[in-house]
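Have a look at this one.
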Amino acid sequence: MKNLRLKSARAALDMSQQQLADAACVSRQTINAIEKGDYNPSIKLCISICKTLGKTLDELFWEG
Amino acid sequence: MSYILGFAVGIIVAVAITIAVVLLIRKSSNKVPITGEKYDERQKLARGKAFKAAYLTLLTYGLLYGLLDMVIDKKWCDSLTGMTIGVVLSLAVFVTVCIFNDAYLSFKEKPGYVIKLFIFIALLNGVVSVMNFLPGHNAIIVNGILTYRSVNLLLFILFTVILTAMLIKRRRDRKDEDIVDAEARDGHSDGRRDGHRGE
């Protein structure tokens, strides 16, 4: 399932996938895979992305 | 004895030339490639799957090679060549699976530098294998048996396959980046579009 909230949060900060990837210390393709729903990140990576985007885990990754 | 010495010297010279070229490429490139073994979690998972595929390839080849050896009376290759073919096949599988899952290079490595290096290695092996086909040189096939001199040809094929996979992947990535850039320019959010699809 696509992670549209992540994509929106990233776009709201005018960040490219590469910039978010660099901040989270992963490859751009990993961020792309998470946004497309092709990969489920570990909790460690989720936290890293949340900190970079200034959001909570619930806001970005909770299916609710 | 002199033949073995010549063989060993040949290998040493080839390795020395490769190292020299690698150092020259690093020096000449504007951005010093940051090589390292840092793969992110997704890449590590993908590499694990690639290792599994390569292992199964090697296992299957080994079984087929042994079976063929038992069934066919006449040898088709010497032992070193037989083993090398297995190694090359499994390497090709591993690298290709990694490349198509964006897990071959770490996210800190520069692909341009690696491509240049692989082109050089492919050409080097290509030249040596062409020389082996020329009259007056040691033949690759002797009395219907593929000899160890085919190793250069095998390596040339391996690196050609790897380079082809890298180029295909690069093209696909550029298309994907164009789509992402177009979406960003249009300012469309997937939420609005995909919402209609119930995603």
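The values are calculated or read from the model by the stated rules, or taken from the named source; none is laboratory data. Remember, predicted model here, so these are calculated numbers, not experimental data. A quick note on method: Cβ atoms are made from the backbone with ideal geometry, for glycine too, and the neighbour counts reach across all protein chains shown. Ligands, DNA and RNA are stripped out before the accessible areas are found, and what is left, the full protein with its side chains, is counted by its heavy atoms. Shrake-Rupley method; radii C 1.70, N 1.55, O 1.52, S 1.80 Å.
In square angstrom, rounded to the nearest 10, how much accessible surface does B:Lys74 have for a 1.4 Å probe?
About 130 Å², ignoring ligands and nucleic acids.
Classify the stretch B:1-107: rounded, prolate or oblate, from the alpha-carbon gyration tensor (a ≥ b ≥ c, eigenvalue square roots; a/c under 1.5 rounded; otherwise prolate if a/b is larger than b/c)?
oblate
Still on this structure: For peptide A:19-31, how many partner chain Cβ atoms fall within 10 Å of a residue's Cβ, on average?
4
Could you tell me the convex hull volume per residue, in Å³, taken over the Cα atoms of chain A?
Roughly 70 Å³ of hull volume per residue.
Label-point separation (nm) for B:Lys52 and B:Leu134, each offset 7 Å from Cα along Cα-to-Cβ?
Taking the two extended label points, one gets 4.8 nm.
Find the all-direction average of the projected area of the Cα convex hull for the stretch B:65-158, expressing the result in square nanometres with one decimal place.
7.5 nm²
Same structure, new question: Could you please report the charge total around A:Thr52, scoring K, R as +1 and D, E as -1 over all other residues with beta-carbon less than 15 angstrom from its beta-carbon?
For residues surrounding A:Thr52, the net value is +2.
Which whole number of Å³ per residue matches the convex hull of the alpha-carbon atoms in the protein assembly as shown? All intermediate terms of the calculation are to be shown ahead of the outcome.
Details: hull volume 48.1 nm³, N = 263.
Measuring per residue, one finds 183 Å³ for the Cα hull of the protein assembly as shown.
For the stretch B:104-181, would you read off the P(r) tail past 18 Å as a percentage of all alpha carbon pairs?
55 percent
Something else: Simple spin-label model, 7 Å along Cα-to-Cβ: A:Asp58 to B:Leu80 in nm?
Modelled inter-label distance: 6.8 nm.
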